[in-house]
1. Between residue 146 and residue 294, 0.36 nm times their residue separation minus their Cα-Cα distance comes to what?
2. Restricting to the chain, compute how many DSSP beta bridges are antiparallel as a %, nearest 5.
3. For the stretch 77-154, count the residues as N, evaluate 2.2 N^0.38 Å, and divide the Cα radius of gyration by that value, please.
4. Multiply the residue separation of residue 60 and residue 135 by 0.36 nm, subtract the distance between their alpha-carbon atoms, and state the gained length in nm to one decimal.
5. Just check the stretch 50-103 against the gyration tensor rule for me: Cα atoms, a ≥ b ≥ c as the square roots of the eigenvalues, rounded for a/c under 1.5, and otherwise prolate or oblate depending on whether a/b exceeds b/c.
6. Given a Förster radius of 45 Å and the C-beta distance between residue 27 and residue 82 as r, what FRET efficiency does 1/(1 + (r/R0)^6) yield to the nearest 0.05?
7. Rounded to the nearest 500 deg cm²/dmol, what is the calculated helix-only ellipticity per residue at 222 nm for the chain, with -39500 (n - 2.57) per DSSP H run of length n ≥ 4?
8. Using only alpha carbon pairs under 8 Å that are at least six residues apart, calculate the relative contact order of the chain and give it in whole percent.
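Quick note: the coordinates plus some simple rules give every number you see, no bench work behind them. Quick caveat: nothing in here was measured; it's all calculated off a predicted structure. A quick note on method: Cβ atoms are made from the backbone with ideal geometry, for glycine too, and the neighbour counts reach across all protein chains shown.
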């Protein structure tokens, strides 16, 4: 009888205890308006981590403007900010380019974004618009409404007339920078660059990696900076990817053939079990991130 009463009490108490769902990491990081007062440190992976001591790219500089300011994603590791400053200065030497329009870098403390953007979590990724800046005095409203340009044809198999020699020179300048690990571009851009590639270009061109999307911007990813011992290098590394040269081989054509029109395959005899749903950045809780990210979130 006593045991039954204890069991009943425990059941009632359990029902009376409120169940609080753990707040998603993207909500917590998205709520931070400023960087943490900590030494700069990239923590975790590009797609699952955070950034301590990130600094803000000034909204406007001599050769750049940060776009979509309402997102508050113009924060990065100091190495990234320095890189964008020097690349934009090089871009300003190209005909018709005043510098660069810079899209997303990271949130003030990195981490997953409310929008679900999978990368850009440790302050070492930046999106650079394909649109050549004609002026660098855009208002905040202008920066919300102006759109970049696509450099890809409608059928996604080639570049269009928006893609110029200046784009190639700017991407080349980025790839030649020793801080850069890799650059993601729409596959037709890589194909176009391979058409005029020489042996001298192998060293930098292998950093330029084809990836779906990326036709309104190119995405630069830096290496883990010295001293960021908690930063995890992306695998496979560019060196491993480039063992066969500059990436201008027959596999590149897959992006404009089978990727766009996958070959038909016979249906399996028995229905396969549905694959478990892959968890994305929107689903991460703090338990999914490196434990040091909790300290970044709590820091002044």
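1. Taking residue 146 through residue 294 to full extension adds about 49.7 nm, to one decimal.
2. 70
3. Relative to the rule-of-thumb radius for its length, the stretch 77-154 sits at 1.20.
4. 25.9 nm
5. Judged from the Cα gyration tensor, the stretch 50-103 comes out oblate (a/c at least 1.5, b/c at or above a/b).
6. Approximately 0.90, to the nearest 0.05.
7. My calculation for the chain gives -7000 deg cm²/dmol from helical runs alone.
8. Contact order relative to length: 22 percent.
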